[in-house]
1. If a residue must be acidic (Asp, Glu) and within 8 Å of the chain's Cα centre (by Cα), how many such residues does the stretch 55-85 contain?
2. Give the residue that is surrounded by the fewest Cβ atoms within 10 Å (Cβ to Cβ), with candidates limited to residues of the stretch 56-69 that are part of a helix (DSSP H, G or I) and modelled with pLDDT of 95 or more.
3. When the stretch 1-17 is examined, which residues are found to be charged (D, E, K, R) and within 18 Å of Pro69 (Cα to Cα)?
4. Only one of these is outside any helix (DSSP H, G or I) and modelled with pLDDT under 95: Lys2, Lys79. Name it.
5. For Pro31, all conditions in the list (1) modelled with pLDDT of 95 or more; (2) under 16 Å from Arg82 (Cβ atoms); (3) of a type outside the set (Lys, Arg); (4) out of contact with any helix residue (DSSP H, G or I) (no Cβ under 7 Å at 6 or more places or on another chain) hold save one; what is the number of the exception?
6. Name, by its number, the condition in (1) among the acidic types (Asp, Glu); (2) in contact (Cβ under 8 Å) with a residue 12 or more places away in the chain; (3) in a helix (DSSP H, G or I); (4) farther than 22 Å from Phe8 by Cβ that does not hold for Asp41.
7. Got at least one residue in the stretch 21-32 being within 11 Å of the chain's Cα centre (by Cα) and surrounded by 10 or more Cβ atoms within 10 Å (Cβ to Cβ)?
8. Check off (1) exposed (fewer than 12 other Cβ atoms within 10 Å of the Cβ); (2) under 15 Å from the mean Cα position of the chain (by Cα) for Thr38 and give me the number that stays unchecked.
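The values are calculated or read from the model by the stated rules, or taken from the named source; none is laboratory data. For clarity, every value in this text was computed on a predicted model and none was experimentally measured. Don't worry about glycine lacking a Cβ; one is built from the backbone with ideal geometry, like all the others, and counts go over all protein chains shown.
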Amino acid sequence: MKDIINDFEVKDRETFVKFIGLLHEDLLDHPERRENKTLPDFLEALCSYAKDIQGYYDNTHQNVDADKPDWKTFSEIFKGARIYE
C-alpha cells in the first residue's frame, strides 16, 4: 500500500498547502491510521513532536537544524504528530 502522506515531497509553501489538504483527506478516509484522532490529542502530539524533532534528525543522521525550519520541516512535524505518543 502506497503511503501518499509519507511519499509526498514538500518543497515550498504551495506544496505544504497541498500536503495539509492530503492530510485532511487521509484523516477522513483512513482514521484508523492515526494514533491521535482528536484535535486535542493531535495538537498535544504536534507540540511534543515539534520539541523532539531535532532528536529525530540527529538519530537518523540528517543534517537538518530544526531551529531553522523550512516548509519540509513543518510537514515532517505534522507527519510525526499523526502517530507520536
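1. Let us first name the residues in the stretch 55-85 that are acidic (Asp, Glu), namely 58, 65, 67, 70, 76, 85.
Filter once more, so that each one left must be within 8 Å of the chain's Cα centre (by Cα): 76.
So the count comes out to 1.
2. Going through the stretch 56-69, the residues part of a helix (DSSP H, G or I) turn out to be 56-59.
This time we only want the ones that are modelled with pLDDT of 95 or more, so: 57-59.
Values: Tyr57: 16, Asp58: 12, Asn59: 8.
Applying the filter and picking the extreme gives Asn59.
3. Residues of the stretch 1-17 that are charged (D, E, K, R), as a first pass: 2-3, 7, 9, 11-14.
Once the filter is applied, which keeps residues that are charged (D, E, K, R) and within 18 Å of Pro69 (Cα to Cα), the stretch 1-17 yields Glu9, Lys11, Asp12, Arg13, Glu14.
4. Values: Lys79 fails: outside any helix (DSSP H, G or I).
From the options Lys2, Lys79, the qualifying one is Lys2.
5. (1)
6. For Asp41, the exception is condition (2).
7. At the first step, the residues of the stretch 21-32 found to be within 11 Å of the chain's Cα centre (by Cα) are 23.
Adding the requirement that they be surrounded by 10 or more Cβ atoms within 10 Å (Cβ to Cβ) leaves 23.
Yes, because at least one residue in the stretch 21-32 is within 11 Å of the chain's Cα centre (by Cα) and surrounded by 10 or more Cβ atoms within 10 Å (Cβ to Cβ).
8. (2)
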